[in-house]
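First the structure, in the form of structure tokens, and then the observations on it.
The values are calculated or read from the model by the stated rules, or taken from the named source; none is laboratory data. The structure displayed is predicted, hence computed values, not measured ones. Don't worry about glycine lacking a Cβ; one is built from the backbone with ideal geometry, like all the others, and counts go over all protein chains shown. The protein model used for the area step is the full one, side chains on, heavy atoms only, and it has no ligands, DNA or RNA in it. Shrake-Rupley method; radii C 1.70, N 1.55, O 1.52, S 1.80 Å.
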Amino acid sequence: MNTKINFAGIEMKNPVTVASGTFGYGREYSDFFDLGLLGAVITKGTSLKPKSGNKPPRVCETASGMLNSIGLQNPGVEYFANNDLPYLRKFDTKIIVNACGSSIDEYVELCKILNTLDIDGVELNLSCPNVKEGCMAFGNTYEGVKEVTSKVRKILDKPLIVKLTPNVTDIASIAKGVEDAGADAVSLINTLLGMKIDIYKKRPVLANNTGGLSGPAIKPVAVRMVYQVSKAVNIPIMGLGGIISGEDAIEFMLAGATAISIGAGNFIDPYTSIKTIDGIKEYMKKCNIENISDIIGKVEMN
Amino acid sequence: MPKKVLAKLIKKEEIIKGIFKFSVEAKEIVNSSKPGNFIEIRVSNQKDPFLRRPISIYNLDKENGILEFIFQVKGSGTNILSEKEIGDKIDIIGPLGNGTFKIDKYNKIAIIGGGIGIFPLYELAKQAKKQGKIIDGYLGFRNKDFVMLEKEFKEVTDNLIITTDDGSYQNKGFAIDYLKEKMEKEKYECIYACGPIPMLRVVQKYALENNINCQISLEEKMGCGLGVCLGCAVKTAKSPKDKPEYFHVCKGGPVFNAKDVEF
Ligand SMILES: Cc1cc2nc3c(=O)[nH]c(=O)nc-3n(C[C@H](O)[C@H](O)[C@H](O)COP(=O)(O)OP(=O)(O)OC[C@H]3O[C@@H](n4cnc5c(N)ncnc54)[C@H](O)[C@@H]3O)c2cc1C
Ligand SMILES: Cc1cc2nc3c(=O)[nH]c(=O)nc-3n(C[C@H](O)[C@H](O)[C@H](O)COP(=O)(O)O)c2cc1C
């Protein structure tokens, strides 16, 4: 049985990665298991300078999911390079850094630094719904995505993945912008913009009023979008949104994802990613699949 | 280092209406727990309720590897938890939180708690008492129907003062007012507090103004409980007005030095 995949030039021992912002820089979960079991670790969204994030409350539970408005709190790329990267490197897994900026120049500056680091890939976050400037502002038009991605592509030699927001009318056209700009892959979806109201206080629960929805609640939307994007572009897809089991992962792969990512699923059980790897192997056994890459995009439409 | 265990429920008691005390077998967690630590409970295997529930450690029975926690039924999560039966396995991660109650250097201390905020103070008082410290307790409740654990706290304190807001049981008024009155004479070296935010604000203000050491246990909405999602932010006291900086309750806390946080 072969679970290896090649995602945008990154050789992974299996298709299971952990999603940005739900795994920190790996330390906390390494108390529970060997990070070397994962296909890759995708870091918390990291910016040029440290960011302190939004006012609390920053998270709240919703039906089969949660809203967050963390606001990209992170220690900045320099701190990451000196403290977290050497730690992560101790494990036999691939490291993909989720990069965020608030202007094109900032994305470029940041990626110039990332290009010099011992990492396996960069995931451009053009899709965070929780910060005022940047991110999603570039992420919701074909032109916007293409412009940032092209500028970063020029200076980045490492595999470049662009993460898409689902808060758009036509996800396929946005993915096309990524492909046309020369990126190696897309990842989707980031969180769906949502809101929850405390009916007694008559105010939104989150201090930021709105937040990003994640968890099993968003899975059908994510699967549909992965399918649409897979029909529109030829670059590989990292699929995510609500995955908490091997079955969920297989659904994304059939829809067209080469690799998948576990996000909020890490919170409900630190072993969700490991169980997902086991679940994928079980499915392979049950369905007599020798190579996991054989099932990518194999859904047949009715 | 936190562990995930399936802890067997061996004793369950509704101590007052809607408030349950659970005793579970969780040797792996008990051995490394400190007063002030909390646990995260997954109340069901279903997708809903989605997140784990943070609950404080009430009592550690190190000899028998038994952990006790007490919780109030609030919403769906605690309601499902309250329906567990003896023998059921409960999915718990713990111990969590690097900010715990520190006792070592003080000899005369006071604990002050309000309502369901009194739970994490018990293990602290128990350990302090065992170390021969002098410890006074001030516990405030809404009215006589909400008074709980009086006997238990009596055993681990030298003096225990119970207050009710309406005077329907023992002393009328707020616990902090009784503590302030005693402070003149008792000169506590440190105050340990947990309870509703308005109470904690009063305790914090009093401690800061009078230069008294004070450790406060805080709550905030959490995603992961492990320090990963950065959800449970609490503002640092030092941060400039226009550029707030944050600790996280699950990692830096839940217990903070009162002078370090703004809430
Ligand atoms: C460090 C810490 C220790 C705690 N210790 C105790 C304890 O010993 N005993 C006890 O009864 N309660 C304690 N709480 C509060 C307890 O976590 C909540 O009452 C509980 O999560 C409510 O869940 P629910 O599903 O019943 O309510 P719901 O209102 O349905 O919960 C919805 C969501 O909000 C969250 N939430 C609701 N209230 C709180 C709160 N006060 N703090 C943080 N998150 C909240 C829930 O976890 C859940 O994600 C503690 C909270 C924290 C942060
Ligand atoms: C608490 C939290 C923080 C997140 N932070 C980031 C981030 O920094 N960068 C990013 O690209 N996505 C971030 N995300 C989005 C996730 O990576 C993922 O795209 C989304 O949650 C959907 O997957 P899920 O349903 O499996 O959680 C965050 C999500 C959560 C819940």
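Putting +1 on Lys and Arg Cβ atoms and -1 on Asp and Glu Cβ atoms, find which of A:ILE161, B:VAL147, A:VAL226 reaches farthest to the positive end of the dipole of the protein assembly as shown. Value computed over the given set: B:VAL147.
Could you tell me what percent of the DSSP beta bridges with both partners in chain A are antiparallel, to the nearest 5? Mind dumping the intermediate values first?
On the way: 17 of 44 bridges.
Around 40 percent antiparallel, to the nearest 5.
The alpha carbon centroids of the range B:192-263 and the range B:111-164 are separated by 21 Å. Each part reduced to its alpha carbon centroid, the range A:182-234 and the range A:144-168 end up 19 Å apart. Fully extending the segment from B:ASP104 to B:ILE15 would add 28.9 nm, taking 0.36 nm per residue of separation and subtracting the current Cα-Cα distance.
Quick check on the range A:85-221: of the DSSP beta bridges with both residues there, what percent are antiparallel, nearest 5%? Could the numbers behind the result be given before it?
On the way: 6 of 17 bridges.
Antiparallel bridges: around 35 percent, rounded to the nearest 5.
Across B:LYS187, B:LYS102, B:LYS151, mean-square fluctuation computed from a Gaussian network of chain B (C-alpha pairs under 10 Å connected) peaks at B:LYS151.
Specify the longest stretch of chain A that does not include any exposed loop site, a site being one of the trypsin sites (Lys or Arg not before Pro) with a non-H, G, I, E, B DSSP assignment and at most 15 other Cβ atoms within 10 Å. Don't skip to the answer; put the middle values down first.
Details: sites that count: A:LYS4, A:ARG89, A:LYS90, A:LYS132, A:LYS201, A:LYS202, A:LYS298.
Counting only loop sites that pass the neighbour cut-off, the longest clear stretch is A:203-297.
Under a 5 Å amide H cut-off, with hydrogens placed 1.01 Å from N, B:ILE90 pairs with B:ALA7, B:LYS8, B:LEU9 among residues at least 5 apart or on other chains. Placing unit charges on the Cβ atoms only, positive for Lys and Arg and negative for Asp and Glu, gives the protein assembly as shown a dipole magnitude near 840 debye about its Cα centre.
Take the alpha carbon gyration tensor of the range A:42-179, find the square roots of its eigenvalues, order them as a ≥ b ≥ c, and report rounded if a/c is under 1.5; if not, report prolate when a/b exceeds b/c, else oblate. Working shown, then result.
Details: a/c = 1.59, a/b = 1.08, b/c = 1.48.
Oblate, since a/c reaches 1.5 and b/c is not below a/b.
For B:GLY99, the residues 5 or more places off, or on other chains, whose built amide H falls under 5 Å of its own are B:GLY253, B:VAL255. Here the 3J(HN,Hα) profile of the range A:232-243, calculated from phi with Karplus coefficients 6.51, -1.76 and 1.60 at θ = phi - 60°, is 9, 10, 9, 7, x, 10, 9, x, 7, x, x, 6 Hz, Gly and Pro shown as x. For the residues A:ALA217, A:ALA249, A:ALA183, a GNM of chain A with alpha-carbon springs under 10 Å puts the largest fluctuation on A:ALA217. Note that the range B:253-263 has calculated 3J(HN,Hα) couplings of x, x, 8, 10, 5, 4, 7, 8, 10, 10, 9 Hz, one per residue in order, obtained from phi through the Karplus relation 6.51 cos²θ - 1.76 cosθ + 1.60 (θ = phi - 60°); glycine and proline are x.
Scalar couplings 3J(HN,Hα) for the range A:41-47, obtained by applying the Karplus form with A = 6.51, B = -1.76, C = 1.60 to θ = phi - 60°, are 10, 9, 6, 3, x, 10, 10 Hz; x denotes Gly and Pro. Between A:GLY45 and A:GLY21, the built amide H atoms are under 5 Å apart, and every one of these is 5 or more places off in sequence or on another chain. Here the spin labels are modelled as points 7 Å beyond Cα on the Cα-Cβ line, and at A:TYR87 and A:ASP34 they lie 2.0 nm apart.
I want the antiparallel fraction of DSSP beta bridges within the range A:13-139, as a percent rounded to 5.
So the antiparallel bridges amount to about 35 percent of the total.
For the protein assembly as shown, what % of the accessible area comes from carbon and sulfur atoms, probe 1.4 Å? Intermediate values should be presented prior to the final figure.
Values: 11430 of 23400 Å².
Answer for the protein assembly as shown: carbon and sulfur cover 49 percent of the accessible area.
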